[in-house]
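Please read the structure below before turning to the comments.
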Amino acid sequence: MFNTRAAMGWDVPFVGHPSMASGELAGLVEKPENWKKVYAIGYKSCSYDASGKLPPKSEELVARLKKANVALNDTLLWWVAGGIDAIELFAKAVETSGSTDGPGIIAFLNAQSKYPGYFGNYTWSPTQHNGYLTEEVVMSEASTAKNGTFALAPGYS
């Protein structure tokens, strides 16, 4: 679709699924400019600004992963960050509650407001169980992959 759009001279953006930023697509576009104006769902924590900077916590994570020889050129940082958060969050829940039983973990989670993870901040309550805040979701420029992260789409700061 990106190549056809370019061949038609149709200057419209593509906006949508994170897979539109998959590194595998780079081999399918006929010219790098055919991947311009393609925006995929992304996450603040794993997006860099106009100066190429990630949020400080994410910069620290990328440095930590590089030091451990974790290759980020063929994955998405948000997958890694979310996995680390899941492990650390539930380890803290077990440590805090003193148990692996559901009620203790649920009580711990329901008490979290903007729990600071690598993937983002998490909030739960007895009536809200999503955890991941909508404000953490942004659009990314699909063709700008760098260390599993992407540039924020125009309009974000």
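The residues of segment 17-49 that are over 14 Å from T144 (Cβ atoms) and loosely packed, with under 13 Cβ neighbours inside 10 Å, listed by number, are H17, S19, E24, G27, L28, E30, K31. In this structure, D85 qualifies as surrounded by 14 or more Cβ atoms within 10 Å (Cβ to Cβ), closer than 30 Å to P154 by Cβ and of a type in the set (D, E, K, R). For segment 149-157, the criterion of a residue being surrounded by fewer than 19 Cβ atoms within 10 Å (Cβ to Cβ), in a loop (DSSP other than H, G, I, E, B), in contact (Cβ under 8 Å) with a residue 24 or more places away in the chain and polar (S, T, N, Q) is satisfied by at least one position. When S97, S140, S125, S113 are checked against the criterion of being touching a Leu at 6+ places or on another chain (Cβ under 7 Å) and either farther than 30 Å from W35 by Cβ or of a type outside the set (F, W, Y) (or both), a single residue qualifies: S140. Only one of the numbered conditions (1) more than 21 Å from N147 (Cα to Cα); (2) in contact with a strand residue (DSSP E or B) (Cβ under 9 Å, 6 or more places away or on another chain); (3) not charged (D, E, K, R) is violated by G102, and that is (2).
When E33 is tested against (1) in a helix (DSSP H, G or I); (2) modelled with pLDDT of 95 or more, exactly one condition is not met: (2). Checking G52, G42 one by one, the residue that is within 13 Å of A153 (Cα to Cα) and assigned to a loop (DSSP other than H, G, I, E, B) is G52 and no other.
The residue that is farthest from the chain's Cα centre (by Cα), among those in segment 1-16 that are free of Cβ contacts under 8 Å to residues at least 24 places away in the same chain and either part of a loop (DSSP other than H, G, I, E, B) or closer than 11 Å to T144 by Cα (or both), is G9. The residues on offer are L25, L89, L72, and the sole one that is touching a Lys or Arg at 6+ places or on another chain (Cβ under 8 Å) and of a type outside the set (K, R) is L72.
The values are calculated or read from the model by the stated rules, or taken from the named source; none is laboratory data. None of these values were measured; they are calculated from a predicted model. With ideal geometry, Cβ positions are generated from the backbone for all residues, glycine too; neighbour counts draw on all protein chains shown.
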